[in-house]
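A.B. asks: Okay, handing you the structure first.
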Amino acid sequence: MAAMDALDWTAIAAQLDREGFCLLPGLLGADAARGLALQVAAPDASRVTLESGDLGRGELFYFRAGLPPALAQWRSALYRRLVVIANRWNETLGVAHRYPAELDDFLRRNQEAGQTRAQSCLSRLGVEDRVSLHQRNDGEQVFPLQIVALLSEPGTDFQGGEFVMTEQRPRMQSRPMVLPLKLGDAAIIATAERPFKGSKGYYRVNLKHAVSRVRKGVRIGLELSFHDAP
């Protein structure tokens, strides 16, 4: 997995401000991605169908024993970088709340708020499977950014299954966005809301994300959240 210091965080922050997402090609790397994809068959993986949550069709696999050590370290390192952007977004929107500098301290706040259900998971989508538009923003403590990554190779392992986002601005049509993820690529995306600068100042815009229908093969992806759910 790529070192955080090697990334251009000024450019990343600028794109997140402008688009609500930032594609990070090769951040995981092909070998790490393939290794993570094997976790769907781990004996301690907790399997949930997307149908059970009315989120589409396919399977989600939660890490019952906690994130694998390398992924947990990667998540903490990303949080330290992203918390600067998250706090700036709150300041821009006039929100007094600030996130702590370290992920462990933020997760402690989650526990105090009754948010103890981990949301980070793998998804496995076969032919005709899909993930409906959704947000992972349940609870009082919600971090405004999250990570998604692709653990399969488009065109080789599967066809279809594009990662899609929509952005809804007041009194405007939804803006669709397709993120061209490849094996080992990751993206930082807005969890649910982000600041947008209009003609009269900043206001919130609403974002959701989804995965389109898989037409062939099997698509395995990662969704990494920094907050837990109630």
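Bear in mind that the values in this text are calculations on the coordinates, not laboratory data. The model shown is predicted, which means the values in this text are computed figures rather than measured ones. Note that we place each Cβ from the backbone using ideal geometry, even for glycine, and neighbour counts take in every protein chain shown.
A.B. asks: Among the residues of the stretch 110-146, write down those that are within 14 Å of the chain's Cα centre (by Cα), under 11 Å from residue 221 (Cβ atoms) and aliphatic (A, V, I, L, M).
C.D. replies: 122, 131
A.B. asks: Restricting attention to the stretch 182-215, and to residues there that are buried (at least 21 other Cβ atoms within 10 Å of the Cβ) and either among the acidic types (Asp, Glu) or touching a Gly at 6+ places or on another chain (Cβ under 8 Å) (or both), which single residue is nearest to residue 21 (Cα to Cα)?
C.D. replies: The residue in question is 189.
A.B. asks: Please count how many residues of the stretch 124-156 are among the acidic types (Asp, Glu) and surrounded by 19 or more Cβ atoms within 10 Å (Cβ to Cβ).
C.D. replies: So the answer is 1.
A.B. asks: Taking into account only those residues within the stretch 2-57 that are part of a helix (DSSP H, G or I) and of a type in the set (S, T, N, Q), which is nearest to residue 202 (Cα to Cα)?
C.D. replies: This residue is 15.
A.B. asks: Filter the stretch 161-176 down to residues that are touching a Leu at 6+ places or on another chain (Cβ under 9 Å) and not β-branched (Val, Ile, Thr) and give me whichever is farthest from residue 204 (Cα to Cα).
C.D. replies: Checking each candidate, the answer is 161.
A.B. asks: Another question, then. What about residue 219, is it touching a Ser or Thr at 6+ places or on another chain (Cβ under 6 Å), crowded, with 19+ Cβ neighbours inside 10 Å and charged (D, E, K, R)?
C.D. replies: It is true that residue 219 is touching a Ser or Thr at 6+ places or on another chain (Cβ under 6 Å), crowded, with 19+ Cβ neighbours inside 10 Å and charged (D, E, K, R).
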